[in-house]
Amino acid sequence: MQTWPSHPVPRVPGAPRPLRLYDTATGEIRPTTPGATATMYVCGITPYDATHLGHAATYLAFDLVHRQWLDNGHEVHYVQNVTDVDDPLLERAARDHDDWVVLAMRETALFREDMAALRVLPPRDYLGAVESIPEIVEAVAKLLSDGVAYRADDEQYPDIYFDRLASGHFGSVSNYDEPTMLRYFAERGGDPDRPGKRHPLDAQLWRAARPGEPSWDGELGAGRPGWHVECSVIALNRLGMTFDVQGGGSDLIFPHHEFSAAHAESLTGQHPFARHYAHAGMIGLDGEKMSKSRGNLVFVSRLRADRVDMMGLRLGLLSGHYRTDRAWTSDVLDEALARVDRWRQAVARESGPPAEDTVARLRDHLADDLDTPQALRAVDAWAAAALAGDGSDPTAPALIRDALDALLGVALQPAAMP
Ligand code: ZN
């Protein structure tokens with residue numbers, strides 16, 4: 001699948017800081033430890049609706065991980081998927097009398113535009129579920145022949161399920177107890193009550209064809225892939241086992257990331273799937289989580305159509321810490337737009353206070369589990385001093401501009417002087 005356009009990332013003088021990141025599996029902030037090429041997989045969208053601010057906040061958080069690694073001199077191999085065949089997509093297409101393929105193509109195209117407008121660096125590999133079906137079939141067939149997957153006891157629809165305990169590490173990503181797992185499994189697309197399964201928590205690997213649903217023929221029989229194995233196989237076949245960061249929103253901790261890991265660990269006999277499991281908090285609106293079911297979504301494309309400054313939107317989403325669930329309000333956006341305006345004026349000046357310390361603080365805060373609230377305040381302090389006429393370092397505005405571009409992904413075109 002075609003990815004979105006990239007842009008050059010400036011090199012910033014001074015000493016980079018190795019990134020420390022919270023890991024859900026161990027419950028600790030730990031250093032990331034990439035080799036020459038850092039590796040990251042972030043779960044992509046199911047393209048049945050436009051990108052909302054919750055999605056955008058998640059991809060921005062992992063864009064900062066990408067940028068931290070670049071600053072530290074690593075190449076970055078970033079992989080993302082598009083779940084371009086799944087129940088929510090088919091249900092939406094049926095509801096709107098739309099063709100599911102056309103709906104998926106349209107929303108994926110809009111997502112790419114949104115990501116480019118927000119200056120999110122693109123993945124090197126951007127893979128759809130449909131184009132990945134041959135490799136998913138191969139993996140599911142192996143799990144079946146290894147005896148860790150089984151067919152449901154159902155002659156009409158012999159779906160294939162994964163024995164959750166097969167890897168020996170089930171639960172090591174989320175650390176949830178079984179009642180919690182069962183609750184999230186039911187809430188997040190699982191089928192605990194499906195007759196013919198051996199255990200309510202076993203996850204679907206392959207869904208046998210139903211009338212009116214798309215399906216693909218092959219050695220598993222006509223059907224389509226499950227969601228967790230899709231990500232498992234796409235990541236494994238590009239990054240191998242024990243890649244650096246598996247990322248996504250906190251609603252993916254269970255069952256999605258737990259099962260993606262368990263599938264890959266069963267396929268390879270190795271552990272862990274990823275060194276870090278990193279999760280972004282949810283964005284709420286008016287006190288409620290932003291979600292399709294509540295119908296309270298703010299879409300990036302809507303804000304683009306309203307000519308909202310995307311650098312302001314980016315700063316607004318970065319003004320809270322990525323791991324905290326946080327509220328989106330018009331005040332958050334207004335403050336971010338005012339902030340980006342001040343910064344633009346400050347970097348447009350011919351000189352300012354020496355910026356080396358500010359850049360060092362920016363790096364320190366970002367390397368500390370992406371502490372963007374503190375990072376933004378460090379830039380505020382420099383901008384306030386520059387606008388007050390303090391300092392006469394002619395290299396400072398350009399240094400700040402390059403650091404904001406490279407480390408925060410915020411590009412500031414010089415503003416006209418007032
Ligand atoms: Zn995924």
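The values are calculated or read from the model by the stated rules, or taken from the named source; none is laboratory data. Because the structure is a prediction, the values reported are computed rather than measured. Every residue, glycine among them, receives a Cβ derived from its backbone with ideal geometry; neighbour counts consider all protein chains shown.
Overview of results
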| read-out | value |
| --- | --- |
| Complete set of residues in region 1-55 that are closer than 24 Å to A274 by Cα and among the hydroxyl-bearing types (S, T, Y) | T3, Y22, T24, T26, T32, T33, T37, T39, Y41, T46 |
| Search result, residues across region 215-244 that are within 21 Å of R275 (Cβ to Cβ), small (G, A, S) and away from the ligand (no atom under 16 Å from the Cβ) | G240 |
| For T26: the one exception among (1) within 19 Å of E258 (Cα to Cα); (2) surrounded by fewer than 19 Cβ atoms within 10 Å (Cβ to Cβ); (3) in contact with a strand residue (DSSP E or B) (Cβ under 8 Å, 6 or more places away or on another chain) | (3) |
| Near pairs, Cβ below 6 angstrom, 6+ apart or cross-chain, from region 273-299 (within 27 Å of S232 (Cα to Cα)) to any residue that is at pLDDT below 80 and assigned to a loop (DSSP other than H, G, I, E, B) | I283/M290; M290/N296 |
| Failed item in (1) on the phi > 0 side of the Ramachandran plot; (2) in contact with a Lys or Arg (Cβ under 6 Å, 6 or more places away or on another chain), with R17 passing the rest | (1) |
| Residues of region 247-278 satisfying the condition of being touching a His at 6+ places or on another chain (Cβ under 7 Å) and more than 15 Å from the ligand (Cβ to nearest atom) | E265, H271 |
| Where a residue in region 236-248 is surrounded by fewer than 21 Cβ atoms within 10 Å (Cβ to Cβ) and its partner, wherever it lies, is in a loop (DSSP other than H, G, I, E, B) and basic (K, R), with Cβ under 7 Å and at least six apart | none |
| Matching residues, region 345-380, being basic (K, R) and surrounded by fewer than 21 Cβ atoms within 10 Å (Cβ to Cβ) | R349, R361, R377 |
| Residue match in region 167-184 (condition: at pLDDT below 95 and either surrounded by 12 or more Cβ atoms within 10 Å (Cβ to Cβ) or not aromatic (F, W, Y) (or both)) | yes |
| Options T51, T46, T58; residue that is buried (at least 19 other Cβ atoms within 10 Å of the Cβ), in contact with a Gly (Cβ under 8 Å, 6 or more places away or on another chain) and of a type in the set (V, I, T) | T58 |
| Which listed residue is basic (K, R) and more than 20 Å from R119 (Cβ to Cβ), from R349, R344, R401 | R349 |
| Inter-residue pairs, beta-carbon under 9 Å, first under 30 Å from E219 (Cβ atoms) and aromatic (F, W, Y) and in region 112-136, second at pLDDT 95 or above and part of a loop (DSSP other than H, G, I, E, B), 6+ apart | Y126/T3; Y126/W4; Y126/G44 |
